[in-house]
């Protein structure tokens, strides 16, 4: 009975989310790792997120040029376009961590991909393709904003060669399947994460369903 209920919900959500998906859910955050290396803003802290991120605007009044955007604002806007505000609270919180860490990774020294705007200035991410940042058209709900605030001090590590390393995260829409079934080890699969939230998992448990050999780290442990 539980499985039948779950997939009944999935079919209904598929219809509800079709128009949202066209606006950006799951369309971002799975490019190849950095190859240009070097640095844009020179950030080198793996414990505390950067205070800002350089975003190449491909639309809006600053089209073709970078904008210096507060990191928390960028994260909230991207969460606002990537996962609907009516998703379970814990799924939204997991999404918030994946988005923040994605932008944080590419703002880090050594992970810059070499992008420059029309004036030759470097940028960390684009406003489409790295998570939709279109503040002129799309905002975020209270639930999406609270998800970012509640998880801001946390980041993800993965065990590699006996060391817990800060990693590049990603996120995709995935399929309407059971919680974690479509995990690939580093993407959050948003539609099955909905199922995780409905099953009662908290956001840390959800993240660890999608990050193999993962661990959560709170920056306050280092203060």
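Would you kindly calculate the translational diffusion coefficient of segment 42-154, applying Stokes-Einstein with the Kirkwood radius from alpha carbon pairs, for 25 °C and a viscosity of 0.890 mPa s, and quote it in µm² s⁻¹ without decimals? Each step should come with its number before you reach the end.
On the way: Rh = 14.1 Å.
It diffuses with D of about 174 µm²/s by this estimate.
Residue 149 label point, 7 Å along Cα→Cβ, cut-off 18 Å on backbone N: hits in segment 88-104?
The answer is 89-97, 100.
Give the relative contact order (percent, whole number) for segment 16-222; include only Cα pairs under 8 Å separated by 6+ residues.
Details: 437 pairs, mean separation 55.3, N = 207.
So the answer I get is 27 percent.
Obtain the nm distance between the two label points defined at residue 46 and residue 164 by a simple spin-label model: each point lies 7 Å from its Cα along the Cα-to-C-beta direction.
With each label placed 7 Å out from Cα toward Cβ, I get 1.1 nm.
Quick check: convex hull over the Cα atoms of segment 82-144, volume per residue in Å³, rounded to an integer? Don't skip to the end; give the middle numbers.
Details: hull volume 6.1 nm³, N = 63.
Roughly 97 Å³ of hull volume per residue.
How big is D for segment 16-222, in µm² s⁻¹ as a whole number, if Stokes-Einstein is applied with the Kirkwood radius of its Cα pairs at 37 °C and 0.692 mPa s? Don't skip to the end; give the middle numbers.
Working: Rh = 16.9 Å.
In µm²/s, the coefficient is 194.
Which order do peptides 51-64, 183-196, 90-103 fall in by mean Cβ count within 10 Å, highest first?
Values: 51-64: 17.2, 183-196: 22.1, 90-103: 26.5.
Going from most to least packed, we get 90-103, 183-196, 51-64.
At 25 °C and a viscosity of 0.890 mPa s, what translational diffusion coefficient does Stokes-Einstein give for segment 107-192, taking Rh as the Kirkwood radius over Cα pairs? Give it in µm²/s as a whole number.
Details: Rh = 16.1 Å.
The diffusion coefficient I find is 152 µm²/s.
If you split all Cα-Cα distances of segment 45-84 into 10 Å bins from zero, what percentages do you get per bin, shortest first?
Once binned at 10 Å, the Cα pair distances of segment 45-84 give 28, 47, 23, 2.
Just the C-alpha atoms of segment 115-162: what Rg/Rh do they give, with Rh taken as the Kirkwood radius? Kindly include the intermediate steps, with their values, before the conclusion.
Working: Rg = 15.9 Å, Rh = 14.2 Å.
Rg divided by Rh gives 1.12.
No lab work stands behind these numbers, since they all come straight from the coordinates. Predicted, not measured: the structure shown is a model, and the values here were computed from it. Cβ: placed from backbone, ideal geometry, glycine included. Neighbour counts: every protein chain shown.
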